[in-house]
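Student: First the structure, then my questions, so here it is.
Bear in mind that the values in this text are calculations on the coordinates, not laboratory data. Values in this document were obtained by computation on a predicted structure and should not be read as measured data. Please note: Cβ atoms are built from the backbone with ideal geometry, for glycine as well, and neighbour counts cover all protein chains shown.
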């Protein structure tokens with residue numbers, strides 16, 4: 001439930017009316033058919049919906065201020081509960097763990113503007129609520145005819161509104177939300193105190209398997225509500241503790257593929273190796289869930305890096321323990337991250353994400369390879385470094401920054417192995433690729449949706465708030481789907497850049513602190529000198545992608561080859577991430593001998609490393 005799922009249509013049926021062409025005619029007809037007189041004196045709408053979808057059932061309750069552009073939705077779906085709202089200025093979210101965050105990252109604010117615009121029917125006003133409206137003509141679907149308008153509310157973003165050409169009821173909206181296109185179908189209208197409400201609302205991201213259906217159970221009109229009803233709630237989280245009454249705990253982590261891995265105990269069992277991802281949420285793999293007898297509920301479509309997706313469920317974890325800190329009774333996503341074991345080079349048990357980071361002040365010392373979780377009440381920021389303001393897009397922290405002087409929103413993502421990945425819309429909008437004569441097209445990362453591709457260059461300075469970073473390996477994404485195709489942010493600041501610092505995250509005060517790491521890794525700013533993307537396989541390392549004109553291609557390596565030995569050592573005796581590091585860090589001119597299996601035969605291939613960017 002990243003955004004507001006329930007779309008409202010306040011209108012009344014008008015059978016047999018003629019078709020309209022101009023936007024003003026369509027909207028005036030909608031208003032005339034709406035029972036506007038019945039709605040005129042009403043100020044607050046309360047609705048309750050039965051929810052079904054994604055393998056779960058539940059309920060959604062909504063309160064809409066029809067006059068002042070405010071709303072709040074609360075939900076109880078499957079094992080999870082939460083809420084989201086907009087107070088007329090600030091969007092906010094209360095996630096299933098109870099954490100509350102202001103939502104100003106990505107397109108959160110614009111989507112809230114759009115939703116209140118529709119709920120308050122601002123398109124009925126003489127000035128159409130300040131929106132830009134374009135007539136898209138008639139469209140047909142399943143034998144029905146619709147008048148379609150593209151509406152861009154003031155301070156919002158474009159969406160398509162489909163009005164039934166006969167009844168003039170709002171039948172559909174189509175809206176870009178992040179990297180996904182969301183279609184909302186409304187039907188089964190019924191009268192409530194003279195106003196027609198959609199009895200059924202179906203929200204789809206394009207795959208009917210994951211459609212979400214809301215069926216209207218009750219509706220009533222209330223007097224004006226206090227502004228506090230719609231305001232972001234304040235919560236004091238008391239579900240975490242430190243052993244022995246301590247105020248903090250420090251534990252080691254391993255940096256693998258620029259990812260942070262550390263030991264975690266689940267329900268007193270373990271330890272298990274988890275990735276720590278500021279851009280993610282708490283996750284257990286299906287294998288670990290089964291081992292721990294954790295029941296998984298629901299079937300959700302999860303998107304991320306890459307163009308594909310994974311199916312996930314939800315489960316409850318009684319306790320997660322990290323060092324001497326523990327958190328009680330949390331919802332985890334059951335997600336097959338273990339299917340990416342061949343990409344990482346080993347199998348992990350899950351992910352530690354937003355829900356954990358929000359409860360503590362988290363210090364990540366990349367120089368010492370340690371993580372410290374601090375009780376927020378005892379945190380002192382005086383030696384933490386330079387403060388950078390954070391905001392949130394769902395569960396993902398974002399900062400305001402700039403690349404090559406071009407401002408943008410950037411995700412802070414320890415789950416990204418790259419230094420800097422610029423989204424394909426940001427690259428195209430600013431015509432960035434033409435700035436570089438030297439660079440390579442390559443696979444630049446691997447997420448839940450599979451591989452991401454981009455043009456990799458030695459980039460321009462990156463500003464993270466007031467902190468400037470130079471000598472940045474920058475990937476200009478070419479993805480047409482997945483998170484790197486999202487036009488609402490500029491890019492991901494990944495582990496490759498963050499490891500230059502001691503990073504302190506204070507989610508509760510919307511602040512990140514950056515302090516130069518010591519010692520600084522000698523391979524900062526290094527990039528693969530072979531031109532290979534490899535994953536593990538039963539016989540060694542599978543060559544998945546070969547960068548055009550790079551040393552690996554020049555030596556004759558091809559996608560589909562299997563590397564069974566490196567410099568005479570069996571590939572199965574080597575760790576993939578160690579080999580990747582070697583191909584990145586060893587000097588240009590170094591010759592690496594790969595024994596390659598192709599077509600049932602083995603042969604040696606000599607790859608001479610050189611700088612590609």
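Student: If I stretch the segment between residue 250 and residue 591 completely, what's the gain in nm (0.36 nm per residue apart, minus their alpha carbon distance), one decimal?
Tutor: Fully extending the segment from residue 250 to residue 591 adds 118.7 nm.
Student: Further, regarding this structure: With a ≥ b ≥ c taken as the square roots of the eigenvalues of the C-alpha gyration tensor of segment 115-244, please select rounded if a/c is under 1.5 and otherwise prolate if a/b is larger than b/c or oblate if it is not?
Tutor: Prolate shape, in that a/c is at least 1.5 and a/b is the bigger ratio.
Student: By what distance, in whole Å, do the Cα atoms of the chain stretch along each of the three principal axes, largest value first?
Tutor: The Cα atoms of the chain stretch 82, 58, 46 Å along their principal axes.
Student: Counting DSSP beta bridges in the chain, what percent are antiparallel, to the nearest 5?
Tutor: 95 percent
Student: Apply the a/c threshold of 1.5 to the C-alpha gyration tensor of segment 306-439 and tell me whether it is rounded, prolate or oblate.
Tutor: Verdict is oblate for segment 306-439.
Student: Past the 18 angstrom mark, what percentage of all C-alpha to C-alpha distances in segment 13-105 do you count?
Tutor: Percent of Cα pairs beyond 18 Å in segment 13-105: 64.
Student: What is the packing order of peptides 409-420, 166-177, 184-195, taking the mean over residues of other C-beta atoms within 10 Å and listing the highest first?
Tutor: Per-residue Cβ counts within 10 Å, averaged per peptide and sorted highest first, yield 409-420, 166-177, 184-195.
Student: A further question on this structure: Please work out the C-alpha center-to-center distance from segment 549-613 to segment 311-362 and express it in whole Å.
Tutor: 34 Å
Student: If you find the alpha carbon centre of segment 26-81 and of segment 210-265, how far apart are they in angstrom?
Tutor: Measuring centre to centre over Cα atoms gives 24 Å.
Student: Counting only the backbone N, which residues of segment 108-142 are under 16 Å from the spot 7 Å out from the Cα of residue 24 toward its beta-carbon?
Tutor: 123-135
Student: Test of understanding: what is the full-extension gain from residue 89 to residue 370, defined as 0.36 nm times their sequence separation minus their Cα-Cα distance?
Tutor: Taking residue 89 through residue 370 to full extension adds about 97.3 nm, to one decimal.
Student: Can you pull a Stokes-Einstein diffusion coefficient for segment 382-516 at 20 °C (1.002 mPa s), Rh from Kirkwood over Cα pairs, as a whole number of µm²/s?
Tutor: Estimated diffusion coefficient is 144 µm²/s.
Student: To the nearest 500 deg cm²/dmol, what mean residue ellipticity at 222 nm is calculated for the chain from DSSP H runs of n ≥ 4 alone, each contributing -39,500 (n - 2.57), summed and divided by the residues?
Tutor: -2500 deg cm²/dmol
Student: Taking square-rooted eigenvalues a ≥ b ≥ c of the alpha carbon gyration tensor, is segment 532-608 rounded, prolate or oblate, where a/c under 1.5 means rounded and, failing that, a/b exceeding b/c means prolate?
Tutor: Taking the square roots of the gyration eigenvalues as a ≥ b ≥ c, segment 532-608 is rounded.
Student: Distance in nm between label sites at residue 287 and residue 318, each 7 Å beyond Cα in the beta-carbon direction?
Tutor: That separation, rounded to one decimal, is 2.5 nm.
Student: Turning to a different aspect of this structure: If one computes the Cα centroid of segment 430-483 and of segment 92-159, what distance in Å separates the two points?
Tutor: Taking the Cα centre of each part, segment 430-483 and segment 92-159 sit 31 Å apart.
Student: Students often check this: by mean Cβ neighbours within 10 Å, which of 289-297, 148-156 ranks highest, and how do the rest follow?
Tutor: So the order, starting with the most tightly packed, is 148-156, 289-297.
Student: Kindly state, to the nearest 0.05, the FRET efficiency for residue 382 paired with residue 166, given R0 = 60 Å and r defined as their beta-carbon distance.
Tutor: 0.35
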